[in-house]
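Please read the structure below before turning to the comments.
The values are calculated or read from the model by the stated rules, or taken from the named source; none is laboratory data. The structure presented is a predicted model; accordingly, all values stated were derived computationally and were not measured. Because the Cβ atoms are built from the backbone with ideal geometry, glycine has one as well, and the counts that use them run over all protein chains shown. Heavy atoms of the whole protein, side chains included, go into the accessibility calculation; ligands, DNA and RNA do not. Shrake-Rupley method; radii C 1.70, N 1.55, O 1.52, S 1.80 Å.
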Amino acid sequence: VGLYLAVGAILPSIVLVWTSFSGGSTASLNLDAYRTLFADRRFWPAVGNTFLVAGLSAGLITLIGALLAWQILRLRFPGRRLLDAVSFMSIGIPSVITGFAVMVLNLTIPIGLYGTVWILVLAYSYRLAVSTRLSRASLMQIHSELEEASAASGGRWLDTVRRVVLPLLAPALIASFLLLFIVGFREFTIPLVLQSQDNWVLSVIMWKLQADRQTAQAAAVGTLILLFVTPVIFVLRRHLLSRQGEA
């Protein structure tokens, strides 16, 4: 297992970092790739776009997924099983199909989003399966009698959600947000299909640098993506382990 992880994950990361400092040669290690990258006028807007798109889409999907899960479990209305199936289908839709479909939609019906970061937020938000599954699993452990007790005590629906449901659902919402943020931060296919001069993200910058044979700078972008995402992974791991310890 250790050998498999070393070949599949650890060694590629080490080579990526080493290439960013050496350019693939063994002559010397330097920061030239990072200096050139930081001076590139495309880089810093791409950093901001990456954080904005990943964070905003993760928040929207988490909120919508939680609402869908609550409606499917708590309400009895025709078509709720179909709604549940549709929300789960997103996990089987490849990113390239989503990106192409969103592009065709915005070119057919011009709504003013094409070429902006907001079209990326919209395209990323199709991943409802993660949020609905986590929220549903957590809601199944929150008995509806708690909500009924709140209503019997005079609590309004919003008060019940704010003071009863959300505190108990918070761990699942946090886990959903972090997972979706990580997936959105490293997403490549959708922003590549929907790219423009105003909505480049780090993954697209890395691809363009590699296509221009600027390997050291492309490796530097990859290293920075790891640097940005790794702390989030450790936060997620610590949070999940703490919840398991409490259980």
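Taking every protein chain into account, the accessible area of segment 113-179 amounts to 54 square angstrom per residue (probe 1.4 Å).
Think of each Lys and Arg Cβ as +1 and each Asp and Glu Cβ as -1; about the Cα centre, that makes the dipole of segment 131-247 roughly 260 debye.
Return the carbon/sulfur percentage of the accessible area of the chain, one whole number, probe 1.4 Å, all protein chains in place.
68 percent
Distance between the modelled labels on residue 158 and residue 137, one decimal in nanometres: 3.2 nm (7 Å Cα→Cβ projection).
The protection proxy used here, the mean number of other Cβ atoms lying within 10 Å of each residue, ranks peptides 93-99, 38-44 as follows, highest first: 93-99, 38-44.
Note down the magnitude of the dipole of the chain about its Cα centre, charges +1 on Lys and Arg C-beta and -1 on Asp and Glu C-beta and zero elsewhere, to the nearest 20 debye.
Values: 19 positive and 11 negative charges, 47 e Å.
Computed charge dipole of the chain: roughly 220 debye.
One entry in [x] 2.42; [y] 1.02; [z] 1.21 is Cα Rg over 2.2 N^0.38 Å calculated from the shown coordinates; its label is [z].
Projecting the Cα atoms of 109, 166, 59 onto the charge dipole of the chain (Cβ charges, centred on the Cα centre) puts 166 farthest toward the positive pole. Centre-to-centre, using Cα atoms only, segment 1-65 and segment 113-165 are separated by 32 Å. For a paramagnetic label modelled on residue 166 (point 7 Å from Cα along Cα→Cβ), amide N atoms under 18 Å away belong, within segment 57-80, to 58-71. What you get for segment 128-195, charging only the Cβ of Lys and Arg (+1) and of Asp and Glu (-1), is a dipole of about 160 debye around the Cα centre.
Screening the chain for whole DSSP H helices with an alpha carbon extent of at least 15 angstrom along the helix axis and a mean Kyte-Doolittle hydropathy of at least 1.0 yields 11-22, 43-74, 95-108, 166-186.
Place +1 on the Cβ of every Lys and Arg and -1 on the Cβ of every Asp and Glu in the chain, take the dipole about the Cα centre, and give the residue among 30, 45, 98 whose Cα lies farthest towards its positive end. Value: 98. A dipole drawn for the chain from +1 and -1 charges on Cβ atoms has a positive end, and of 232, 184, 151 the residue lying farthest that way is 151.
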